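Just so it is clear, none of the values below were taken in a lab; they were calculated from the coordinates. All values reported here derive from a predicted model rather than from experimental measurement. In this analysis, Cβ positions are derived from the backbone assuming ideal geometry, glycine residues included, and neighbour counts consider all displayed protein chains.
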Amino acid sequence: MITLQFLSSDDIQAIHQATLEVLEKTGMLVKNESALNLLEASCCSVDNNIVKFSTDIIEESIRKAPSSFDLYTRDSDKAYSIGSDRVVFNPGSSAVYFKDRNTTEIRKGNSRDIIELVQLVENLEHIEAQSTALVPADVPAQISGLFRLYLTLKHSVKPIVTGAFSKEGLIEMKLLLEAVAGSSDELTSKPRAIFDCCPTSPLTWGDSASQNLLDCSDSGIPAAIVPAPLIGATSPITIHGTLVQTNVEILTGVVISQLKNAGAPVIYGGAPGTFDMRYATPRFGAVEAMITSCASAEIGKHYGLPTHSYLGTSDSKNVDSQSGFESGLGMVMGALARINVVSGPGMLAHLNCQSLEKLVIDNELCGTAYRLIKGFDFDEIDVITDLISKVGSTGDYLRQKHTSKKLRTEHFMPSSVIDRLSTESWIGEGSKEIRERASDEVSNRLKNHTPVELSKESEKQLDMKLKEILAKYNFSMSQIPGADLSD
């Protein structure tokens, strides 16, 4: 099996021991009262919200966390195993901006953009999960996280990677998922979504993130613990230093999760970036960030936990050569490292912008990455010697049955987004660059999209639950711009 490895077993053991030392001597700042009470009741040392952890409670919590779990489609008719060496790509979550493919302007995203993005991902065969990828600016901020999940559930059957913006937000989003699943028990037994729960680097579990983690654990909802350190700014400048710090941040989340509900699914995640000292900007497309992501996943796999990271993103503001090489390198590295959940396709501008053209290009990159890790085998070497002898030096392989039989399994066939025409044919078709071909592909896929509708009962329950939640904020459906677009 083809794999990418940065750390030896001795390296991982050294990081683990350094982590235990930091946990025991320095600890973690926890700002949530319920989490603090839970930790103190479990014999952790708590002093002025600083929690220090023993080796025993860390290692016991790691043992309790499952090594894999099944993530289901909206209608529960298909499950994806999250764990082992399975890789699932999904768009990155929570971008504020959207790259308008008609004007090329970077602007605030809206509900219509979300629907188009969700419908497009529904038609991208190598991006197997959705994300609540865009924050709609045309709805009130109190319900923006909730509404993007509502639109995703309306327009896609694929499983979802999401997250809440507040303590109440997760509870409300869970109600929407329950409405579609049919009951809380059904959602627990067949989870439809992963929720990102993000500690703040350095060494802090905030109030909302802690509560989200507790509520996920209590409900059996898979939680991805996703620190987002900026190397050199909010974590040490060295990669191994950042690996120690993020390991501390993740393992404290594992402890909180397992103390709340032993056996609750939890993911060893991350979204590392570097800090560009020249421009004071984050760089998630930097190769050092990619190395950190892959090495961090090695640590998670050592603990026997499912893994996640943000890769396939770009710091470019355009769909250009920079976005292509940063995204392609990240996806290939993530696939080779066998990271279970890879978030990032479609993202530009430091994880802050989504592009439909980039999504369809990244879909081809994901397909290429899958082909790469598939490798090849030698199970028919005797057939090959006979074939070569048959063709000899005067024949060709185009007319051989072996060629037609093996073509689709041996070779990845990208869509017309990837140019493989002759030069003459390319000129004859307008000499289009990849962004233009990607824009055409977006239009074709959206034009030919055939939605898989929710059942009438599930749609009724989903709409009813959204209306109930809106009423809490004194909103009605008619007051929410974009609500009428969901039909």
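Under 19 Å Cα to Cα from residue 317, which aspartates and glutamates show up? Leave out anything in the same chain fewer than 8 places away.
Answer for residue 317, where 19 Å is the Cα cut-off: 100, 105, 113, 276, 326, 357, 362, 433, 436, listed by chain and number.
What residue among 58, 130, 48 has its Cα farthest toward the positive end of the dipole of the chain, where the charges are +1 on Lys, Arg and -1 on Asp, Glu, each on the Cβ?
Among 58, 130, 48, the one farthest towards the positive end of the dipole of the chain is 130.
If you take the square roots of the eigenvalues of the alpha-carbon gyration tensor of the stretch 225-383 and sort them as a ≥ b ≥ c, do you get rounded (a/c under 1.5), prolate (a/b over b/c) or oblate?
oblate
Compute the Kirkwood hydrodynamic radius of the chain, taking the inverse of the mean of 1/r over all pairs of distinct Cα atoms, and give it in Å to one decimal.
Final number for the Kirkwood radius of the chain is 23.5 Å.
Calculated from DSSP H runs of 4 or more alone, at -39500 (n - 2.57) each and per residue, what is the 222 nm mean residue ellipticity of the chain, nearest 500?
Helices in the chain give a 222 nm mean residue ellipticity of -14500 deg cm²/dmol.
Relative to the present Cα-Cα distance, how much length would full extension add between residue 394 and residue 476 at 0.36 nm per residue of separation?
Extra length available between residue 394 and residue 476 comes to 22.0 nm.
What percent does the relative contact order of the chain come to when contacts are Cα pairs within less than 8 Å and at least six residues apart?
Relative contact order, the chain: 19 percent.
Counting pairs of Cα atoms in the stretch 1-160, how many percent are more than 23 Å apart?
Every Cα pair in the stretch 1-160 considered, those over 23 Å come to 61 percent.
Can you compute the equivalent ellipsoid semi-axes for the stretch 255-295, i.e. the square root of 5 times each eigenvalue of the Cα gyration tensor, sorted largest first and rounded to whole Å?
For the stretch 255-295, the ellipsoid semi-axes come out as 32, 11, 6 Å.
Normalise the Debye intensity by I(0) for the stretch 70-212, one equal point scatterer per Cα, no solvent, then take log10 at q = 0.11, 0.19 Å⁻¹ and round to two decimals.
-0.42, -1.20
Under a straight-distance cross-link criterion of Cα-Cα below 22 Å, which lysines are reachable from residue 465, leaving out those fewer than 8 residues away in the same chain?
Reachable lysines: 154, 158, 167, 174, 190, 456.
Could you check the simple spin-label distance between residue 419 and residue 276, using points 7 Å along Cα→Cβ, in nm with one decimal?
Modelled inter-label distance: 2.7 nm.
Based only on other Cβ atoms within 10 Å, what is the fewest-to-most ordering of 205, 426?
426, 205
Can you put 249, 125 in order of Cβ neighbours within 10 angstrom, beginning with the fewest?
The fewest-first ordering by Cβ neighbours comes to 125, 249.
Residue farthest toward the positive end of the dipole of the chain, with Cβ of Lys/Arg at +1 and Asp/Glu at -1: which of 144, 479, 179?
Positive-end residue among those listed: 479.
Less than 21 Å apart at the alpha-carbon level, and either on another chain or at least 8 residues along: which lysines does that give for residue 374?
Result set, ordered by chain and number: 301, 405, 406.
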